[in-house]
Amino acid sequence: MIKFEHILLGLFAQRPWSGYDLKKWLSEGGKFFRSNADQSQIYRLLGRMEANGWITHTVDPREKRPDAKVYSMTGEGRAELLAWARSPYQPPARLQDPDFLARFFFGGIVDPVGLRSLIETELSARKEQVVRYRGRDRRQQFEAPIPEVDTGRARLLEELTHIRGMAEIDSWIAWLEEMLVALDAARVTTPPDPD
């Protein structure tokens, strides 16, 4: 499971950041990683990461504005990031979990074989979920429901929700397959050996 620290370390691997710039990125391009991260939470986390030795800061003097702390990754932070990025990926039950997306997004720090393995592991897990759950009996059993439950409507809504879930996982699987093809074509991942 991904920790917020790993997302920030992935960003620090690319360049130095101020707390303000991190908040801005998370509010715009990084929403799919972490929603509702407030400024005080980010600064507390930066303090903990600095205390752990993963980042350090310099003060950037600003004219007519408060000075800014600009944080950069240390060797210890690099080691922590690489340990997370290269650790075995365990697909969670929930589709499109932030851990996979973060590992994929920051996949430039993983070797081609590791990146391919990440995608194949996620793809295999989602295909297995389809096999296991697609044809299951979805008829809801109601036993003494409260009077407000319209069982006919409840059954229909549950089925429609399931249909939406099927479309979501099918789309996710198609995207993962497309990524393997695109990354192999760009020679970003190692294509599988022909058997």
Largest-first ellipsoid semi-axes for the chain, taking √(5λ) over the Cα gyration tensor eigenvalues, angstrom: 39, 26, 13
With an 8 Å Cα cut-off and a minimum separation of 6 or more residues, compute the relative contact order for the stretch 1-160 in percent. 20
What chymotrypsin sites (Phe, Trp or Tyr not before Pro) does the stretch 81-161 have in DSSP loop regions with at most 14 other beta carbons within 10 Å? Phe142
For helix 39-51, report the angle its Cα long axis makes with the longest principal axis of the Cα atoms of the chain; keep it between 0 and 90° and round to the nearest 10°. 60
What shape does the stretch 4-86 take by its C-alpha gyration tensor, where a ≥ b ≥ c are the square roots of the eigenvalues and a/c under 1.5 counts as rounded, a/b above b/c as prolate, and the rest as oblate? oblate
Enter the angle in degrees (range 0 to 90, nearest 10) between the Cα long axis of helix 112-133 and the first principal axis of the Cα atoms of the chain, meaning the one along which they spread out most. 30
Under 29 Å Cα-Cα from Lys31, which lysines qualify once same-chain neighbours fewer than 8 residues away are excluded? Lys3, Lys23, Lys69, Lys127
Go through the stretch 53-70 residue by residue and turn each phi into a ³J(HN,Hα) via Karplus (6.51, -1.76, 1.60, θ = phi - 60°); whole Hz please, and just put x for glycine and proline. x, 7, 9, 9, 10, 10, 9, 9, x, 10, 7, 6, 9, x, 4, 10, 8, 10
In degrees rounded to 10, the 0-90 angle between helix 151-185 Cα long axis and the longest Cα principal axis of the chain is 50
Given springs between every Cα pair under 10 Å in a Gaussian network model of the chain, which of Ser117, Ser87, Ser18 has the largest fluctuation? Ser87
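Values in this text are rule-based calculations from the coordinates and carry no lab data. Note that this is a predicted model, so its numbers are computed, not measured. Note that each Cβ is placed from the backbone with ideal geometry, even for glycine, and that neighbours are counted across all protein chains shown.
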